[in-house]
Amino acid sequence: MDDSLEARVGRALMARSWTLAAAESCTGGFLLSRLTDIPGSSRYVLGGIVSYSNAVKQAQLGVSERSLIEYGAVSEVVAREMAVGVKHLLGVDIAVSITGIAGPDGGTPEKPVGLTYIGLAGPGEQVAVRRFVWTGDRVGNKVSSTTAALEWLLEVSR
């Protein structure tokens, strides 16, 4: 039996008969790629949106222009709106969002490279966001972000 994190998340989602969608920015679809590497993932992964630009965040996910202006794309507020937006757009039980600064450029003193927000819109109207600051390179930060999202999905779907 495959004991990878991705496979364990898949089994937990299937045990609850939950469907999943993702809204990814800095990870560029890597979370969904990891999930869909598992045979049979079509039973629980419905799809996702790679919202690398603010325009896509607004048009596809319903992220408000005001949130983007006031808080920035890499913020708790936007991660929350992305998760809720993709959950409603695709009609799933649980949705995850990831927005951050993968690096090596783009950081500021207030928002350093590695800053990442992961949002989770669960069953009902439950929505939560977790903040991380990774210290790896671009690929390492993307791996850390998707691993944290998978670990959180496993935690809430058990």
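A few notes on this one:
- Residue list for the range 62-86, filter: more than 18 Å from Lys111 (Cβ to Cβ) and buried (at least 23 other Cβ atoms within 10 Å of the Cβ): Ala83, Gly85, Val86
- Subset of the range 35-57 [farther than 18 Å from Trp152 by Cα, within 16 Å of the chain's Cα centre (by Cα) and not in a loop (DSSP other than H, G, I, E, B)]: Leu46, Gly47, Ile49, Val50, Asn54, Val56, Lys57
- Residue, surrounded by the most Cβ atoms within 10 Å (Cβ to Cβ), within the range 94-119, restricted to residues that are under 17 Å from Glu24 (Cα atoms) and not aliphatic (A, V, I, L, M): Ser97
- Filter result (among the hydrophobic types (A, V, I, L, M, F, W, C) and either modelled with pLDDT under 95 or within 15 Å of the chain's Cα centre (by Cα) (or both)) within the range 64-91: Ala73, Val74, Val77, Val78, Ala79, Met82, Ala83, Val84, Val86, Leu89, Leu90
- Residue, nearest to Leu5 (Cα to Cα), within the range 124-148, restricted to residues that are out of contact with any helix residue (DSSP H, G or I) (no Cβ under 6 Å at 6 or more places or on another chain) and polar (S, T, N, Q): Thr147
- Taking the criterion of being among the basic types (Lys, Arg) and surrounded by 16 or more Cβ atoms within 10 Å (Cβ to Cβ), the only residue of the range 139-158 that qualifies is Lys142.
- In the range 107-131, the qualifying residues are those that are in contact (Cβ under 8 Å) with a residue 24 or more places away in the chain and not aliphatic (A, V, I, L, M), and the one that is nearest to Glu70 (Cα to Cα) is Lys111.
The values are calculated or read from the model by the stated rules, or taken from the named source; none is laboratory data. Just so it is clear, the structure is predicted and the values come from calculations on it, not from any experiment. Glycine also receives a Cβ, built like all others from the backbone with ideal geometry; neighbour counts cover every protein chain displayed.
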